[in-house]
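Input: a single structure, listed below in structure tokens.
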Amino acid sequence: MPFGLIKYGFNKEYPARVDLPPACDLKDSYDVVIVGGGGHGCAAAYYLATEHGITDVAVLDKGYLGGGNTARNTAIIRANYLTPDGVNFYAESVGLYKELSNALDYNIMYSERGHLTLAHTDSAVRTMRWRAEVNKHLGVESELIFADEIARLCPTLDLSDDVRFPVLAALYHPPGSIARHDAVAWGYAAGAARHGVEFHQKTEVTGIVKEAGRVVAVETERGTVKCGQVIQAVAGSSSLVARMAGFKLPIRTIPLQACVSQPLKPFLDPIIVSGSLHAYVSQSARGELVMGGSTDPYPLYGTRSSLDFKEGLMAHMLELFPFLGEVKVLRQWAGMADMTPDFSPVMGETPVENYWLDAGWGTWGFKATPVCGKRMAETVATGRVPDILQPFRLSRFEEFDQVGEKGAASVGH
Ligand SMILES: Cc1cc2nc3c(=O)[nH]c(=O)nc-3n(C[C@H](O)[C@H](O)[C@H](O)COP(=O)(O)OP(=O)(O)OC[C@H]3O[C@@H](n4cnc5c(N)ncnc54)[C@H](O)[C@@H]3O)c2cc1C
């Protein structure tokens with residue numbers, strides 16, 4: 001129970017800090033409507049208000065704020081991607097994350113841990129070396145390290161030679177971090193609300209109204225709302241909402257599962273990822289091991305948890321940390337990952353005028369929350385897609401100009 005509530009009870013003078021004002025009616029029209037109140041939608045609203053003075057904004061979510069993939073992700077933040085376009089983009093996000101608690105006056109529990117991507121085969125070592133070189137060239141800290149250094153950073157990892165997949169090397173990325181995912185969405189929402197942005201939860205968008213190829217309104221289960229511009233930020237439902245606007249996306253939606261263990265005394269400082277074993281793990285501030293693997297084997301709009309996933313993941317966890325045999329799994333859940341062919345997002349212009357896209361977030365979008373919010377806000381405010389987003393344009397798929405990040409994005413988040 002909050003200290004203030006104990007002291008003041010329900011006295012009207014109770015000086016509680018309220019993140020969002022009480023729910024209100026929808027207005028007839030807004031300058032900007034943001035469909036989706038996950039981290040990305042909340043961040044875009046915040047930067048529209050704080051950096052561009054655009055405050056006649058409504059964020060509409062069919063559920064509750066930050067209750068989609070933002071609530072379900074394993075909160076890994078890093079910039080050690082493979083392509084220069086990807087590295088520059090995620091590096092800007094990491095830079096914003098580092099200052100975010102101060103900027104929002106909201107503790108997002110940003111915790112810099114270092115990130116180790118293990119290489120178990122010669123070809124994986126080559127890819128890690130390649131990533132390290134691209135990263136260093138662009139000013140992102142990354143290096144290839146070997147057994148002694150890996151053992152120093154993570155003494156509990158099994159580095160024996162006589163195992164199925166011995167660890168040959170690792171890509172070490174010191175800025176790799178974790179943060180409190182709910183706090184990121186709520187911190188942005190609270191900051192935007194202080195400037196007058198409205199947040200409407202339990203408000204599903206059911207249709208997009210166009211006139212002469214331009215968006216003019218959105219239909220919701222609470223009525224139709226006119227708008228000047230729309231940002232679509234509905235990770236996991238991107239194809240469904242884009243279809244309402246009349247265009248198709250090159251996306252397959254596939255469930256992605258994760259789980260946590262019972263709390264343990266702190267023993268794991270860095271984030272450990274193994275692409276070959278399809279497993280990754282970090283230890284939260286509460287002591288829980290936060291674990292995940294790759295997506296489910298089939299596309300589905302569903303968030304059920306499966307024994308199959310847990311069984312495979314625990315087998316791999318025990319290959320990395322054999323002493324965890326008696327530790328219990330506490331919770332398991334799933335989200336919906338919008339996977340693109342090149343493992344990069346789709347952002348910017350769409351075939352509908354003034355209808356802007358923030359999609360294709362697969363398994364990797366939490367780390368991009370600040371840069372997406374900032375740059376989508378800039379796009380709406382200026383009517384021009386900034387250079388840093390251009391590589392991720394929707395038209396790249398018909399121009400054969402993909403941003404291939406599979407080597408850095410699958411399982412690695
Ligand atoms: C298990 C798991 C682990 C992950 N781990 C990581 C990780 O470690 N690092 C990382 O960077 N990324 C990770 N991700 C990916 C990351 O969670 C997402 O890419 C990111 O959260 C996307 O944020 P968002 O704000 O775009 O979407 P969301 O948080 O999903 O928000 C979209 C919102 O849109 C709303 N919505 C949908 N349809 C409508 C509609 N018709 N009308 C109104 N509202 C609608 C939903 O209710 C939802 O709240 C993981 C994902 C999962 C599932």
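Annotations
- The residues of segment 198-239 expose, per residue, 42 Å² of accessible area to a 1.4 Å probe.
- Here the chain exposes an accessible surface that is 52 percent carbon and sulfur, computed with a 1.4 Å probe and the other protein chains kept in place.
- FRET efficiency estimate (nearest 0.05) - Cβ-Cβ, Ala381 to Glu204, R0 41 angstrom: 0.95
- Between 0 and 90°, nearest 10: helix 39-52 axis offset from the chain longest Cα axis: 60 degrees
- Antiparallel %, DSSP beta bridges [both residues in the chain], to 5: 70 percent
- For the pair Lys226 and Lys248, label points projected 7 Å from Cα toward Cβ lie 3.5 nm apart.
- Protein-only accessible surface order, largest first, of Arg304, Arg396, Arg222 at 1.4 Å: Arg304, Arg222, Arg396
- Heavy-atom accessible area ranking, 1.4 Å probe, most first, across Met376, Met244: Met244, Met376
- Within segment 118-187, the chymotrypsin sites (Phe, Trp or Tyr not before Pro) that combine a DSSP coil assignment with at most 15 other C-beta atoms in a 10 angstrom radius are Phe146.
- Alpha carbon centroid spacing (whole Å) that separates segment 185-217 from segment 377-413: 23 Å
- Above-threshold pairs, the threshold being 22 Å between Cα atoms, out of Lys7/Lys265; Lys202/Lys374; Lys27/Lys210; Lys98/Lys136; Lys367/Lys406: Lys7/Lys265; Lys202/Lys374
- Of the residues Tyr301, Tyr8, Tyr280, ranked by 1.4 Å probe accessible area with the largest first, the sequence reads Tyr301, Tyr8, Tyr280.
- Modelled this way, with points 7 Å down the Cα-to-C-beta line, the labels at Met1 and Asp162 are 6.0 nm from one another.
- For segment 4-82, the gyration tensor built on C-alpha atoms gives an oblate shape. Its axis ratio a/c (a ≥ b ≥ c) is at least 1.5, and a/b is not larger than b/c.
- Rounded accessible area per residue of segment 115-174, 1.4 Å, Å²: 52 Å²
- Heavy-atom accessible surface of segment 333-413, averaged per residue, reaches 31 Å², computed with a 1.4 Å probe.
The values are calculated or read from the model by the stated rules, or taken from the named source; none is laboratory data. Given the structure is predicted, the values throughout are model-derived calculations rather than measurements. Glycine also receives a Cβ, built like all others from the backbone with ideal geometry; neighbour counts cover every protein chain displayed. The accessibility values were calculated without ligands, DNA or RNA, using every heavy atom of the protein model including side chains. Shrake-Rupley method; radii C 1.70, N 1.55, O 1.52, S 1.80 Å.
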